[in-house]
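Report on one structure; see the data block that follows.
The values are calculated or read from the model by the stated rules, or taken from the named source; none is laboratory data. Quick caveat, the model's predicted, so the values are computed rather than measured. Glycine gets a Cβ as well: all are built from the backbone with ideal geometry, and neighbour counts include every protein chain shown. The protein model used for the area step is the full one, side chains on, heavy atoms only, and it has no ligands, DNA or RNA in it. Shrake-Rupley method; radii C 1.70, N 1.55, O 1.52, S 1.80 Å.
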Amino acid sequence: MKRVAAASLVLACLVPTAALAGPTVGLTLGKSEAKQDAQNGANASSTFGLFVRGHLTRSLQIQGELNKLQTDDGTGSTIRTGNGALVLELAHTGLVPYALVGLGVDVVSQAYGSGQNFFHEELGVGVEYRFHGGITVGTDVRMGNRNQTNTQTYYTDGGGVVPVGGVKLYTPSSLSEGEYRSMRFTVGIKF
């Protein structure tokens, strides 16, 4: 049910965006790292995603994003994020710097449990080069804060920290609450 709610939020951001004037559709590749993970020496997660963006006004755009994070923690978890952002362009052709503010959800699906849900907010800056013919390439950096919206413990028959009647409790650590930072590279087509 929570996955349906998260998907509905993302679709609510994506569908209207596609109908806006001059939509841009593209792919993203990047890295994301929680402050807590960086302090503990964990590697940043690789990200892959899709985005769609459309103009609200000449300088203000709305953007919807779907991303998947790849972690090296070996938990078998799948992490997907949905984000809606307002993008303020500081120029309109050629090299276009911009600022953004976004809100979204993070859903962690476990191989042996129902998962975790997070809510995040973020601020960022970026630059995009718009070629003639509609091709765009860019990069952005973001800082945000993530809060868990559910706290669940998962039962497995291996690993874990607290034995309970032959089964052990396991609390996944694939996303951390608190501050995070990310960097993305984008390639898109402006219609």
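Before we move on, is residue 128 under 16 Å from residue 63 (Cα atoms), loosely packed, with under 15 Cβ neighbours inside 10 Å, among the acidic types (Asp, Glu) and at pLDDT 90 or above? Let's see the steps before the verdict.
Numbers: under 16 Å from residue 63 (Cα atoms): yes; loosely packed, with under 15 Cβ neighbours inside 10 Å: no; among the acidic types (Asp, Glu): yes; at pLDDT 90 or above: yes.
So residue 128 fails the test.
Looking at this structure, is residue 151 of a type in the set (Ser, Thr, Tyr), open to solvent by 70 Å² or more (accessible area, probe 1.4 Å) and either at pLDDT below 95 or more than 21 Å from residue 88 (Cβ to Cβ) (or both)? Please lay out each step first, then the result.
Numbers: of a type in the set (Ser, Thr, Tyr): yes; open to solvent by 70 Å² or more (accessible area, probe 1.4 Å): yes; either at pLDDT below 95 or more than 21 Å from residue 88 (Cβ to Cβ) (or both): yes.
When the stated conditions are applied, residue 151 passes them.
For segment 165-191, what are the residues that are β-branched (Val, Ile, Thr) and at pLDDT below 80? Quick ask: steps written out before the conclusion?
Our first condition is that a residue be β-branched (Val, Ile, Thr); within segment 165-191, this holds for 167, 171, 186-187, 189.
Answer for segment 165-191, where residues must be β-branched (Val, Ile, Thr) and at pLDDT below 80: 167, 171.
Between a first residue in segment 23-44 that is without any contact (Cβ under 8 Å) to a residue 40 or more places away in the chain and a second residue that is surrounded by 15 or more Cβ atoms within 10 Å (Cβ to Cβ), which pairs have beta carbons less than 6 Å apart while being 6 or more apart in sequence or on different chains?
Qualifying pairs under 6 Å: 44/31; 44/33.
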